[in-house]
Amino acid sequence: MKNSPKFHLKNKHKSGSDLDALCEAYSDLLAFVFKNKYETKTIGFANPKTIKTLNTGFLFKYYHIKFWKFLDTNLCPPISGRVDYIHHIADLLKSSNVSSKIKSKFYAQLVMFYI
C-alpha cells in the first residue's frame with residue numbers, strides 16, 4: 001500500500017486500510033467487504049453501519065480495545081481520519097510549547113497512545 005499524502009506521517013493508517021488484517025481482527029467486517037470494478041477489496045463508505053464496523057476493526061486491531069459500544073444513531077466518522085487530527089494537534093502543541101505546560105495525565109496518555 002502506498003502512503004496517502006493526506007495523512008500525517010505518524011498516522012498508523014497512512015497507507016490505507018488493510019482490510020484482510022482488520023477482518024482477521026474483527027470478523028464481522030467481512031460482511032461489508034467486496035471487490036470493486038478494479039478488483040480491489042473495499043467497503044461501502046457511505047453506509048454508517050459499515051463505518052462503525054470498520055472502526056471496531058481498527059479498535060480491535062491497532063488499539064487493543066475489545067469492547068466499544070456506540071449507538072447507531074450517532075455519527076461515526078472513520079477513526080483513521082480522527083487519529084490524523086490528534087497527530088496534527090500534538091504537533092501544534094509541541095511547536096507552540098504549550099505541551100510543556102500541560103500537566104494532564106490524560107494529555108500524556110493520549111499523545112503516547114496515538115504517536
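The values are calculated or read from the model by the stated rules, or taken from the named source; none is laboratory data. This is a predicted model, so every value here is computed, not measured. When we count neighbours, we look across all protein chains shown, and the Cβ atoms used for this are built from the backbone with ideal geometry, even at glycine. Note: areas computed on protein heavy atoms with side chains; ligands, DNA, RNA excluded. Shrake-Rupley method; radii C 1.70, N 1.55, O 1.52, S 1.80 Å.
Filter the cross-link list Lys35/Lys69; Lys37/Lys69; Lys10/Lys49; Lys12/Lys52; Lys12/Lys69; Lys52/Lys94 down to pairs whose alpha-carbon distance in this structure exceeds 25 Å. Provide the component values of the computation, followed by the final result.
On the way: Lys35/Lys69 29 Å; Lys37/Lys69 34 Å; Lys10/Lys49 27 Å; Lys12/Lys52 18 Å; Lys12/Lys69 23 Å; Lys52/Lys94 31 Å.
Listed pairs above 25 Å: Lys35/Lys69; Lys37/Lys69; Lys10/Lys49; Lys52/Lys94.
At 1.4 Å probe size, put Tyr26, Tyr85, Tyr63 in order of accessible surface, largest to smallest. Display every interim value, and only then the final one.
Values: Tyr26 50, Tyr85 130, Tyr63 10 Å².
Accessible-area ranking of Tyr26, Tyr85, Tyr63, largest first: Tyr85, Tyr26, Tyr63.
Where in the range 12-67 are there trypsin sites (Lys or Arg not before Pro) that are in a DSSP coil and have at most 13 other Cβ atoms within 10 angstrom of their Cβ?
Numbers: sites: Lys12, Lys14, Lys35, Lys37, Lys41, Lys49, Lys52, Lys61, Lys66; in loops: Lys12, Lys14, Lys37, Lys66.
Answer in residue order: Lys37, Lys66.
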